[in-house]
Amino acid sequence: MAERAESSSGSGNAPGGGSAPGTVSAAVREHLRRLCLREFPCGTGSWNKSRFLPRTCRTWRELVPREEETVSPGEETVEALLGLVRSPFSPWAMLEDSSAEDRFLRELAIQSPLMIKDTFFYSYFRSLRVVDKQVSLVDKDLLKFLNLEELVLSANRIQEVEAANLPRTLKVLELYGNEIASLECLCTHPPPGLQHLGLGHNKLLGPLESLYITSSHWPNLVSLDLSFNDLTDLQGMMASLSSLRHLGLLVLQGNPLALVPYYRGFTIDSLARLSVLDDITVTPNEKHQFRGLRLSGDLLAREAQLVVTIGNVRGVLDSSILDPEPGPEGPFTTYNYYVTYDFVEDEEGEGEDYGGGVLAQVCPLGLGRDSQRESPQTLSEVAEGSVESGATEAIESESSFISGHTVHSAALPQSIDSAEELAKLRPRIDPRLCPSPGTVLFSTARKPWAEVIPCNYEMQHTLRDLVPLKAFLLAGTTVTIVEEKILSWPVVPPPVDSPLPVKKGKEEKDKKKAGKKGKEDKESLKEQKTPKKKKEPPRELRQDPPVLQVLGSGMVALEPLLVGEPLVSVVCNFGVVRTQESDKLTSARDSKKTKKVAKKEKSKSAAPTYESEYQPEPLTVEVKIQLNQCRSAEEALRMLVAQGRGE
């Protein structure tokens, strides 16, 4: 049986003496204290004292075996004491989450309580698990554990590990979920026989971290887990890992470097002895497909490519049926619908030409106005542009984002004055229509109402700054369905000025000329007269600023893209926004537009069935986000050639 001490909460002193709170030894001692190895029914006391009294010389009659061994009054047999810790109904029973090692120690403290000493613990334990104990220091008392092979210190607050305090017998070291920012502290005097090192979910950052994962520091390393850190230098990491001759299992998922399209292929081709990558077996077919890719490592672009696809929108309420019929003076109302989503902005790149799909862009927080890129119109400028339109001016400020052209807004205000400006805008602008700091807001094309609105939207995002991309994928993106309402009014023509008076002589000459010309054209004018009505010129209309309404908004989780999933495909469901009455009005309007009488009668006869079997359709939109991945070395090289051509 593997001897192990396991602890999940608390703090105290390690075996053999006092230790400062927050150390590994303190956590181990506190755990052993909670096992109550020296209290009833364990240890020695009045309940079993006679079993441990010093033996005296006995007569030959006392040595005759008896049928039943009797105990002194007030004492318990070993079997009875063991029953108290084994029975689930006993007040001294072990907790349900207790390990087998904890149960063994308690039973040993009943059967042989004199063995429970510090020297026993230091020589007995092969494994220590100190999980979620608020430990911040790996103290030197660990060196007293002479046979320790496994040390698990996950989910603590450790920032640095003094490698000299680690027992030289260690084979497994796990430090998941701590605050370690660099591997340098572990490389001073690491255990020479270490076979597994787990450092997932820490804060490793920077290209220099690859220098600490070499055979000179870890000559016997077989398994390495660096998942969910902020490592970005894939080429440098592979150059160092290739020196580990025994490395067969590697986990790097969750790092920014794993987001590049050629990540898996380049890793497999660089580490010939690798058998498992990110918990997926490396097959011989994969090794063949990616053969030779490592030779082009320095030429491969260090950027990620994601494709966002937005499909059909269903369940939208037709708001036009709720508006009254427009009069001759208007207003004439038009409705359009579109979908928005935010995506991280690439700060390392030279800027992408997103085309007409960008609604708004906000620089990261903390940048001053001088560092912000120039923009034709900022958020506060648009909102304060005019006072005549009143409350609709805020809508106009938002519609400037929805103009179909690229409009970059300044960063969210940081100073007191600009914060006051932002406070003025908040009551008038729906925050769901503004991108979060450091992201760009994208939009599908505007489409009129239909039962099924096809967006047919696809956008490829290429990002070189991989660390913010990882943070964005962990946070997710917000998808919003927006209704745009525009009111149009006839333009009133300006008053015509009266003609200036002319002289009498000139007036008589003009009359004579007009008379002659009238006689000549009299016949032609008669021919031109037709019974057709004169076509009125199209009336010029002026449009009010668009009125925007958010029909539905929700978060799409993108974390699966960090754990190896190449595609996130969801149908965002925002609930039911249509009613039976609104669908009736829509059906009646559509039936009026139908010319065939049979369809009208059919719709009338089907009305009772519609009422009895009415099932409202929820407001939904189809969203897919795919992380591009190369499936072969040839595909990665073709991508390299395309990037060189600027395609």
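The values are calculated or read from the model by the stated rules, or taken from the named source; none is laboratory data. Just so you know, these numbers come straight off a predicted model, no measurement behind them. All Cβ positions, glycine included, derive from the backbone under ideal geometry; neighbour counts span all protein chains shown. Only protein heavy atoms, including side chains, enter the accessible area calculation; ligands, DNA and RNA are left aside. Shrake-Rupley method; radii C 1.70, N 1.55, O 1.52, S 1.80 Å.
General observations
- Boolean, L541 is closer than 30 Å to S227 by Cβ and modelled with pLDDT of 55 or more: no
- Residue selected from the range 1-48 under the condition out of contact with any Lys or Arg (no Cβ under 7 Å at 6 or more places or on another chain) and of a type in the set (D, E), by the criterion modelled with the lowest pLDDT: E39
- One residue alone among D323, D278 is in contact (Cβ under 8 Å) with a residue 40 or more places away in the chain and among the charged types (D, E, K, R), and that residue is D278.
- Helices (runs of 4 or more DSSP H) lying entirely in the range 218-289 (those with 1 or more residues that are more than 29 Å from E179 (Cβ to Cβ) and open to solvent by less than 30 Å² (accessible area, probe 1.4 Å)): 263-270
- When R106, R86 are checked against the criterion of being open to solvent by 100 Å² or more (accessible area, probe 1.4 Å), modelled with pLDDT of 70 or more and within 50 Å of the chain's Cα centre (by Cα), R86 stands alone in meeting it.
- Candidate set from the range 290-304 (those that are under 26 Å from the mean Cα position of the chain (by Cα) and part of a loop (DSSP other than H, G, I, E, B)); member that is modelled with the highest pLDDT: E303
- Residue check for R314: within 30 Å of the chain's Cα centre (by Cα), modelled with pLDDT of 90 or more and open to solvent by 40 Å² or more (accessible area, probe 1.4 Å): yes
- Applying the set (1) hydrophobic (A, V, I, L, M, F, W, C); (2) at pLDDT 60 or above; (3) farther than 21 Å from P618 by Cβ to L500 leaves exactly one unmet item: (2).
- If you check S98, S90 for being in contact with a helix residue (DSSP H, G or I) (Cβ under 6 Å, 6 or more places away or on another chain), in a loop (DSSP other than H, G, I, E, B) and over 28 Å from I180 (Cα atoms), only one passes: S90.
- Hits in the range 175-195 (condition: closer than 21 Å to P219 by Cα and open to solvent by 40 Å² or more (accessible area, probe 1.4 Å)): E184, T188, H189, P192, Q195
- Matching residues, the range 196-217, being in a helix (DSSP H, G or I) and open to solvent by 40 Å² or more (accessible area, probe 1.4 Å): P207, L208, L211, Y212
- Of all residues in the range 127-163, those satisfying the criterion of being out of contact with any helix residue (DSSP H, G or I) (no Cβ under 8 Å at 6 or more places or on another chain), open to solvent by 10 Å² or more (accessible area, probe 1.4 Å) and outside any loop (DSSP other than H, G, I, E, B) are R129, E150.
- Among the candidates S112, S72, S123, S98, residue that is open to solvent by less than 60 Å² (accessible area, probe 1.4 Å) and either within 27 Å of L199 (Cβ to Cβ) or modelled with pLDDT of 85 or more (or both): S123
- The one condition in (1) more than 24 Å from E30 (Cβ to Cβ); (2) open to solvent by less than 20 Å² (accessible area, probe 1.4 Å); (3) β-branched (V, I, T) that T77 fails to fulfil: (2)
- Of the candidates A471, A514, the single residue that is open to solvent by 50 Å² or more (accessible area, probe 1.4 Å), assigned to a helix (DSSP H, G or I), out of contact with any Gly (no Cβ under 7 Å at 6 or more places or on another chain) and modelled with pLDDT of 85 or more is A471.
- Scanning the range 219-276 for residues that are within 30 Å of A642 (Cα to Cα) and of a type in the set (S, T, N, Q) turns up T232, Q235, S240, S242, Q253, N255, T267, S270.
- There is no residue in the range 413-428 that is open to solvent by 50 Å² or more (accessible area, probe 1.4 Å), at pLDDT 65 or above and either within 27 Å of V568 (Cα to Cα) or basic (K, R) (or both).
- Verdict on I486 being modelled with pLDDT of 65 or more, surrounded by 16 or more Cβ atoms within 10 Å (Cβ to Cβ) and either hydrophobic (A, V, I, L, M, F, W, C) or in contact with a Cys (Cβ under 6 Å, 6 or more places away or on another chain) (or both): yes
- Across the range 442-468, the qualifying residues are those that are assigned to a strand (DSSP E or B) and either at pLDDT below 90 or aromatic (F, W, Y) (or both), and the one among them that is least open to solvent (accessible area, probe 1.4 Å) is F442.
- Tally, over the range 594-647, of residues that are at pLDDT 70 or above and not in a helix (DSSP H, G or I): 20
- Residues of the range 560-583 satisfying the condition of being assigned to a helix (DSSP H, G or I), surrounded by 14 or more Cβ atoms within 10 Å (Cβ to Cβ) and in contact (Cβ under 8 Å) with a residue 12 or more places away in the chain: L561, L562, S582, D583
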